[in-house]
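Peer 1: Got a structure here, written out as structure tokens. Questions coming.
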Amino acid sequence: MEISARANAVKESVTLKLNEKVVSMSESGKKVFNLTAGQLPFRPMPELVEGIGKEFAFLKSFQYTAVPGVVELRKKVINYIEESRGVRFRDLGIEVDCVVSNGAKHSIYNILGALIDPEDEVIILSPYWISYPEMIRCWGGIPVEVASSKFESYIPAVEEIEKSITKKTRAIIVNSPNNPSGISYPKSWMKNFANLLLKHPHLSIVSDEIYFELSYFDPKPTYFYQFEPSLLKRTIIVDGISKSLACTGLRVGYSVGPKNFLAAVEKIQAQTTSGANSLIQRSLVTFDFALMEKFLSPIRVHLRNNANVIRKIFEENALQSSWYQVNSAFYFLVDFQSTPVFKRYLKNDSINHALKDDFSVAICSDLLERKGVAIVPGSDFGIANSGRLSLVLEEKPFLESIKLLAEFMVGE
């Protein structure tokens, strides 16, 4: 069958090929430390599992819900967003709504479909989540990257964002805490960003806050709309249960924002997937979100300890130039460019020519082959010569894997 031009334009993620290699090596008996995980490897809290179990008794838990989700859950999510972010929609005269979707990824895809027309530009901040550019392209939009570097702790300058705004710019996606950097944008950045947005009233903002509950060094993240609440009139907040409740497979995410806009999101969802998982939605109606704190407290300690392991091992191997202080989500972006091993790739003319000075894929492939450590190439996230590792592995194997990573980075 003939494939559409739109489908052919969507890039295949190199991560999928890398994961195939990980599986192949593991099945052949080789020891592999898989640091590619985008999820917490912990069993969900008993209260959540028990609540799901109780819903099996009700017929309605196996039937369609309204397209935007169960009314009681939508109200609950709006209240949670207001309380946890310290905002009051009604005080601003904003008629707000919530649409429950099949994960936060689905929420963002629907939002972009309701936002952009062909050739509209959407600004994404590098490093960015892998799927942003391709989702924008799927709807005929143009992703516009604003770069950052390890020397800026992977936080793009607000001034550079402003330079990227044109008459065609429709929206900006902000992801804080950030995947893949593991950084929450600081208060000063958010305040400056809010001031920038006030100067450009035609822009909409998609605030991807899926890692909100996973700050393990600093207090909860700060957002631009907390400095300028009027910006909520053109902001869609995206969140979900996948990361904070360790249940990525249950596929429940939600978007909260102006009701008139979410009506368009609902129309798109109605003609694609209809409502999200009925059983899970109904179990969340009675679930106490306040229990997340008790569940996440030891997980935050675990993530903080593993972040400190990276810092310690890097210091012991004179790799401080590749270290930056992470504080949230569960990722670290390894910068290979300032390490001894990087010279090996610069000297290889055939690799240099083929990869146009971004050796992320080659480096991560060699790391897997030589040391048995799997991380995700940074090219997928818009950062050359880097790789994303996950902090979720248990303490002992994580320590071993970081030691092997350091050996590789120094050229051993």
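Peer 1: For the chain, what does -39500 (n - 2.57) per DSSP helix run (n ≥ 4), summed and divided by total residues, give at 222 nm, in deg cm²/dmol to the nearest 500?
Peer 2: -12500 deg cm²/dmol
Peer 1: So for the chain, taking the charge dipole from beta-carbon charges (+1 Lys/Arg, -1 Asp/Glu), which of ILE280, VAL32, LEU214 sits furthest toward the positive end?
Peer 2: ILE280
Peer 1: Continuing with the same structure: At a Förster radius of 51 Å, what calculated FRET efficiency corresponds to the Cβ-Cβ distance of THR272 and VAL410, to the nearest 0.05?
Peer 2: 0.55
Peer 1: So, counting K/R as plus one and D/E as minus one, what does the shell of residues with Cβ under 13 Å around THR248 add up to?
Peer 2: +4
Peer 1: Mind checking which helices in the chain clear 27 Å along their axis (Cα) and have mean Kyte-Doolittle hydropathy of -0.5 or more, DSSP H runs only? All intermediate terms of the calculation are to be shown ahead of the outcome.
Peer 2: Numbers: long enough: 292-316 (36 Å, -0.36).
The qualifying helices are 292-316.
Peer 1: So for the chain: antiparallel DSSP bridges make up what percent, rounded to the nearest 5?
Peer 2: Bridges in the chain that DSSP calls antiparallel: roughly 45 percent.
Peer 1: Can you give the FRET efficiency to the nearest 0.05 for ASP366 and LYS199, using r as the Cβ-Cβ distance and R₀ = 56 Å?
Peer 2: With a Förster radius of 56 Å, E is 0.75.
Peer 1: Let me know the charge dipole size of region 30-71 about its Cα centre in debye, to the nearest 20, where only the beta-carbon of Lys, Arg (+1) and Asp, Glu (-1) is charged.
Peer 2: For region 30-71, the charge dipole is close to 300 debye.
Peer 1: Given the Cα-Cα distance of GLU293 and PHE56 and 0.36 nm per residue of separation, how much length would full extension add, in nm?
Peer 2: Values: separation 237, 0.36 × 237 = 85.32 nm, distance 2.67 nm.
So the extension gain works out to 82.7 nm.
Peer 1: Output the Kirkwood hydrodynamic radius of region 1-159, Cα pairs only, in Å rounded to one decimal.
Peer 2: 20.4 Å
Peer 1: Magnitude of the Cβ-charge dipole of region 166-243, K/R +1 and D/E -1, about the Cα centre, nearest 20 debye?
Peer 2: 460 debye
Peer 1: Can you compute the modelled spin-label distance between THR286 and LYS396, with each label point 7 Å from Cα toward Cβ, in nm?
Peer 2: Here the modelled spin labels are 4.0 nm apart.
Peer 1: Placing +1 at every Lys and Arg Cβ and -1 at every Asp and Glu Cβ, with all other atoms neutral, what dipole size does the chain have around its Cα centre, in debye to the nearest 20? Mind dumping the intermediate values first?
Peer 2: On the way: 47 positive and 46 negative charges, 69 e Å.
That gives the chain a dipole magnitude of about 320 debye.
Peer 1: A follow-up question, please. Between LYS343 and VAL23, what is the spin-label point distance in nm, taking each point 7 Å from the Cα along the Cα→C-beta axis?
Peer 2: Spacing of the two 7 Å Cα→Cβ label points: 4.0 nm.
Peer 1: Can you tell me, using C-alpha contacts under 8 Å and at least 6 residues apart, the relative contact order of region 266-412 as a whole percent?
Peer 2: Details: 148 pairs, mean separation 37.5, N = 147.
The value is 25 percent.
Peer 1: Through the Karplus equation 6.51 cos²θ - 1.76 cosθ + 1.60, θ set to phi - 60°, convert the phi angles of region 139-148 into ³J(HN,Hα) values in whole Hz; use x for Gly and Pro.
Peer 2: Values per residue, Gly and Pro as x: 9, x, x, 10, x, 10, 8, 10, 7, 8 Hz.
Peer 1: Starting from the 7 Å offset along Cα-to-Cβ, what nm value, one decimal, do you get for the label separation of LYS191 and ALA9?
Peer 2: 4.1 nm
Peer 1: Another question, then. Can you tell me how much longer the chain between ASP91 and GLU119 gets when fully stretched, taken as 0.36 nm per residue apart minus their C-alpha distance, in nm with one decimal?
Peer 2: Here the answer is 6.5 nm.
Peer 1: How many angstrom lie between the Cα centre of region 174-236 and the Cα centre of region 370-396?
Peer 2: Cα centroid to Cα centroid, the span is 25 Å.
Every number in this text was worked out from the coordinates using simple rules, so none of it is lab data. Computed from a predicted model, the values in this text were never measured in an experiment. Please note: Cβ atoms are built from the backbone with ideal geometry, for glycine as well, and neighbour counts cover all protein chains shown.
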